[in-house]
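What follows is a short report on a single structure.
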Amino acid sequence: MRQVKVILREDVQGLGEAGDLVGVKVGYARNYLLPQGKALLATESKVKELEHHRRVVTEKAARELSNLKALRDRLEAVSLEVTARVGEEGKLFGSITTAHIAELLAEKGYEVDRRKIHLSEPLREVGDHVVPIRLRADLTAEVALKISPES
């Protein structure tokens, strides 16, 4: 059985994902993959182009991860403080939300989207809190927040 190498342009179930270099039977490539636009013949120049593209994407991802780790370290060094009106038993009138925290970070010079700030519920008590900020699926910064009562 003769096989031919192709580069997949999109995911093909049971064969591979987009960008993969795979060997398939000539008939499968000629009758299905190539006419449907699901693959390209793997010529020497296209393989080099694919390898270059993968290298560029990998380098870009590594730079992005490095920048996000540096941002995480800077964010974890920040300590936020807020004063709020307090009722009995240290409960706040109102609450501190992700929007408030995003504003506090903006005042310190960090533009963080409030949707990246993950609170299980708004903060309603005086004291020290840890606020998780999800920079990426696998990278989270923890910022210290102190809520004190108004005098």
Practice task
Quick one: net charge around E44, please, counting Lys, Arg +1 and Asp, Glu -1 for every other residue with C-beta under 15 Å from its C-beta.
Solution key: +1
Fill in the blank from the handout: Among L139, A84, L41, the residue whose Cα sits farthest towards the positive end of the charge dipole of the chain (+1 at Cβ of Lys and Arg, -1 at Cβ of Asp and Glu, taken about the Cα centre) is L41
Fill in the blank from the handout: Looking only at lysines whose Cα falls under 30 Å of K25's and that sit 8 or more positions away or on another chain, we get K5, K38, K46, K48
Practice task
Send over a whole-number figure in Å² for the accessible area per residue of the chain, probe 1.4 Å.
Solution key: 69 Å²
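Of the accessible area of the chain, with the probe set at 1.4 angstrom, what percent is carbon plus sulfur? Working shown, then result.
Working: 4880 of 10440 Å².
Solvent-exposed carbon and sulfur of the chain make up 47 percent of the total.
For the range 61-111, state which trypsin sites (Lys or Arg not before Pro) are in a DSSP loop and have at most 16 other beta carbons lying within 10 Å of their beta carbon.
Values: sites: R63, K69, R72, R74, R85, K91, K108; in loops: R85, K108.
Answer by residue number: R85, K108.
Are there trypsin sites (Lys or Arg not before Pro) in the range 5-53 that DSSP puts in a loop and that have at most 16 other Cβ atoms within 10 Å, and which ones? Don't skip to the answer; put the middle values down first.
Numbers: sites: K5, R9, K25, R30, K38, K46, K48; in loops: R9, K38.
Passing both the DSSP loop test and the Cβ count: R9.
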Fill in the blank from the handout: Here the Cα Rg-to-2.2 N^0.38 Å ratio for the range 93-151 is 1.12
Fill in the blank from the handout: If amide H atoms are modeled at 1.01 Å from N in the peptide plane, then the residues at a separation of 5 or more from L135, or on another chain, having amide H under 5 Å from its own are T140, A141
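Taking the highest mean first, how do the peptides 116-126, 140-150 order by number of other beta carbon atoms within 10 angstrom per residue? Provide the component values of the computation, followed by the final result.
On the way: 116-126: 13.9, 140-150: 15.9.
Put in order of decreasing packing, that is 140-150, 116-126.
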Practice task
Go through the range 114-129 residue by residue and turn each phi into a ³J(HN,Hα) via Karplus (6.51, -1.76, 1.60, θ = phi - 60°); whole Hz please, and just put x for glycine and proline.
Solution key: 4, 6, 8, 8, 10, 10, 5, 7, x, 7, 10, 10, 6, x, 8, 9
Exercise for the section: Please list, or write none, the lysines whose alpha carbon is within less than 25 Å of the alpha carbon of K108, excluding same-chain residues fewer than 8 places away. Expected result: K69, K116, K146
Practice task
For every helix of n ≥ 4 consecutive DSSP H residues, a contribution of -39,500 (n - 2.57) applies; sum these over the chain, divide by its total residues, and give [θ] at 222 nm rounded to the nearest 500 deg cm²/dmol.
Solution key: -10000 deg cm²/dmol
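Percent antiparallel among DSSP beta bridges with both residues in the range 64-151, to the nearest 5?
On the way: 13 of 19 bridges.
Counting DSSP beta bridges with both partners in the range 64-151, the antiparallel share is about 70 percent.
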Exercise for the section: Find the centroid of the Cα atoms in the range 43-95 and in the range 1-26, then give the distance between the two in whole Å. Expected result: 35 Å
Fill in the blank from the handout: Residues meeting the amide H criterion for K108 (H placed from the backbone, H to H distance under 5 Å, 5 or more places apart or on another chain) are none
Exercise for the section: Mind pulling the per residue volume of the convex hull built on the Cα atoms of the chain? Å³ is fine. Expected result: 149 Å³
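The values are calculated or read from the model by the stated rules, or taken from the named source; none is laboratory data. Everything quoted here is computed from the prediction, not taken from an experiment. Methodologically, a virtual Cβ is constructed for each residue, glycine included, from the backbone with ideal geometry; neighbour enumeration extends over all protein chains shown. When the accessible area is computed, the model is the full protein with side chains, heavy atoms only, and any ligands, DNA or RNA have been set aside. Shrake-Rupley method; radii C 1.70, N 1.55, O 1.52, S 1.80 Å.
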